[in-house]
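Just so it is clear, none of the values below were taken in a lab; they were calculated from the coordinates. Because the structure is a prediction, the values reported are computed rather than measured. Please note: Cβ atoms are built from the backbone with ideal geometry, for glycine as well, and neighbour counts cover all protein chains shown.
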Ligand SMILES: *Cc1c(COP(=O)(O)O)cnc(C)c1O
């Protein structure tokens with residue numbers, strides 16, 4: 001558990017250094033703990049260290065960890081591929097769904113939220129690396145997609161999310177984040193009713209500095225805090241794309 005405390009402080013130092021370099025306020029970028037496969041007790045420890053934002057990829061894990069984490073004061077986001085048959089459960093546990101990437105999902109979220117008489121914050125997930133294996137709306141379709149989703153008044157669009165390319169070539173990684181930033185700018189200029197572009201959720205363990213330089217407001221970090229996972233990420237990212 002001591003590792004978690006040390007790792008968190010290293011991550012916060014990295015975030016602060018990146019903010020300084022980019023001339024941004026440290027308070028403008030939030031750390032989201034990406035907690036897939038991490039046991040609830042370890043997440044609880046990170047919350048005791050002062051963290052306030054947690055992201056899960058699977059509804060089953062959200063549900064399983066809830067008993068342990070329910071007494072903590074934190075914000076819970078959904079960051080994985082959301083299957084439409086899991087919507088009802090997902091909505092019980094989170095305040096934001098960062099991974100809205102298809103109309104079918106938006107429509108079914110709206111139906112359920114109407115039934116419950118409430119609304120939900122969402123981010124639109126963009127496939128900024130153009131990789132077949134990654135989820136997210138094609139960048140070229142992002143604006144028309146956002147126009148359509150904005151028509152559902154139960155869905156409050158707060159910004160964009162992307163995973164980006166895993167590459168040692170910094171310029172290629174940066175291109176993904178810059179693409180997201182440019183889409184945000186276009187959306188702002190289109191001035192679509194019911195759409196806010198406050199959040200850019202991008203940057204992970206290996207590339208959070210680049211993301212912060214390109215305007216990230218949320219960085220999602222797992223491995224650099226909790227250590228290596230047992231399953232490959234493809235297990236979480238491509239399950240229905242095989
Ligand atoms: C796992 C995951 C992360 C964190 O990745 P790390 O490399 O472990 O920091 C961020 N975003 C999403 C959507 C994830 O699934």
Separation of the residue 104 and residue 234 label points, Cα + 7 Å toward Cβ, nm: 2.3
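Ranking 133, 76, 128 by Cβ neighbours within 10 Å, fewest first, what do you get?
Values: 133 12, 76 19, 128 28.
Result, fewest neighbours first: 133, 76, 128.
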Potential extension, residue 52-residue 28 segment - 0.36 nm per residue separation minus Cα distance: 7.2 nm
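If we count other beta carbons within 10 Å of each Cβ, what is the order of 19, 49, fewest first?
Details: 19 19, 49 15.
Going from least to most buried by this count: 49, 19.
Taking Rh as the Kirkwood radius, which is the inverse of the mean 1/r over Cα pairs, what is the Rg/Rh value for the stretch 2-226?
Dividing the radius of gyration by the Kirkwood radius yields 0.95.
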The stretch 115-212: relative contact order in percent, alpha carbon pairs under 8 Å with at least 6 residues between: 30
Backbone N under 15 Å from the residue 72 label point (7 Å along Cα→Cβ), restricted to the stretch 24-52: 31-52
Mean-position separation - Cα centroids, the stretch 133-170 and the stretch 175-242, in angstrom: 9
Hypothetical label at residue 191: residues of the stretch 129-171 whose amide nitrogen lies under 17 Å (7 Å Cα-Cβ projection): 147
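Take 12, 25, 77 and order them by how many other Cβ atoms sit within 10 Å, fewest up front.
Working: 12 15, 25 8, 77 25.
Listed from fewest to most nearby Cβ atoms, that is 25, 12, 77.
Using the per-residue mean of other Cβ atoms lying within 10 Å as a proxy for protection, in what order, highest first, do the peptides 100-112, 175-187 fall?
Details: 100-112: 17.9, 175-187: 19.7.
Output ranking for 100-112, 175-187: 175-187, 100-112.
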Relative contact order for the chain, counting Cα pairs under 8 Å that sit 6 or more residues apart, in percent: 21
